[in-house]
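Presented below is the structure to which this report refers.
The values are calculated or read from the model by the stated rules, or taken from the named source; none is laboratory data. Because the structure is a prediction, the values reported are computed rather than measured. Every residue, glycine among them, receives a Cβ derived from its backbone with ideal geometry; neighbour counts consider all protein chains shown.
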């Protein structure tokens with residue numbers, strides 16, 4: 001019995017060091033949200049928001065518009081034209097609750113079985129990937145950061161408060177849309 005126990009321990013040690021030798025870190029608890037990771041998550045959200053506001057990745061001839069109740073709408077591209085596809089993409093950056101809130105606040109509609117949005121051009125000069133973050137509050141599964149986000153070609157920055165929530169299956173996600181801090 002002692003021999004089996006020693007063999008198991010030896011295998012465990014070999015397994016651990018094989019991660020180290022291959023240049024990989026041993027598996028560890030990944031629920032740490034650093035300032036750098038907070039910036040990356042916010043930048044990922046900004047990129048996703050930009051893609052969604054553009055309607056998705058349109059293929060040639062796919063862009064279609066229509067008028068509904070006096071307002072011009074466009075169908076979402078094929079990669080985002082169902083509620084399930086749209087929510088799946090949004091939930092890569094947002095919690096399920098925040099994704100639902102974004103969809104409701106953004107005026108998406110279902111028309112002829114497809115998701116559509118008001119036809120509008122959008123864009124942002126904010127460079128989220130160059131933001132700096134400072135942790136304001138920390139709770140067990142929730143953190144709040146202040147992000148200073150530069151604008152392309154300008155010296156000024158916008159300041160946002162961003163709240164993150166940790167989910168066992170999904171990891172860290174924005175639990176609320178970034179809030180512009182007026183100073």
### Filter result (exposed (fewer than 14 other Cβ atoms within 10 Å of the Cβ) and over 15 Å from residue 124 (Cβ atoms)) within segment 142-159
155
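To keep it simple, each residue is scored yes or no on (1) within 17 Å of the chain's Cα centre (by Cα); (2) at pLDDT 95 or above.
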{"position": "27", "(1), (2)": "no, no"}
{"position": "37", "(1), (2)": "yes, yes"}
{"position": "48", "(1), (2)": "yes, yes"}
{"position": "67", "(1), (2)": "no, yes"}
{"position": "90", "(1), (2)": "yes, yes"}
{"position": "101", "(1), (2)": "yes, yes"}
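Having 1 or more residues that are touching a residue at least 60 places away in the same chain (Cβ under 8 Å) is the bar; report the strands (runs of 3 or more DSSP E) wholly within segment 101-183 that clear it.
Here the list reads 114-118, 132-138, 142-150, 157-167, 171-174.
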#### Entry: Residue among 144, 179, 162, 115 that alone is closer than 16 Å to residue 42 by Cα and touching a helix residue (DSSP H, G or I) at 6+ places or on another chain (Cβ under 6 Å)
162
### Query
Among 162, 181, which is the only one that is surrounded by 14 or more Cβ atoms within 10 Å (Cβ to Cβ) and on the phi < 0 side of the Ramachandran plot?
162
### Message
If I ask for residues that are closer than 30 Å to residue 76 by Cα and at pLDDT below 95, which ones from segment 119-150 would you list?
### Response
119, 120, 121, 122, 123, 124, 125
### Task
Filter segment 70-91 for residues that are free of Cβ contacts under 8 Å to residues at least 40 places away in the same chain and either crowded, with 16+ Cβ neighbours inside 10 Å or out of contact with any strand residue (DSSP E or B) (no Cβ under 7 Å at 6 or more places or on another chain) (or both) and give the result.
70, 77, 78, 79, 80, 81, 84, 85, 86, 87, 88
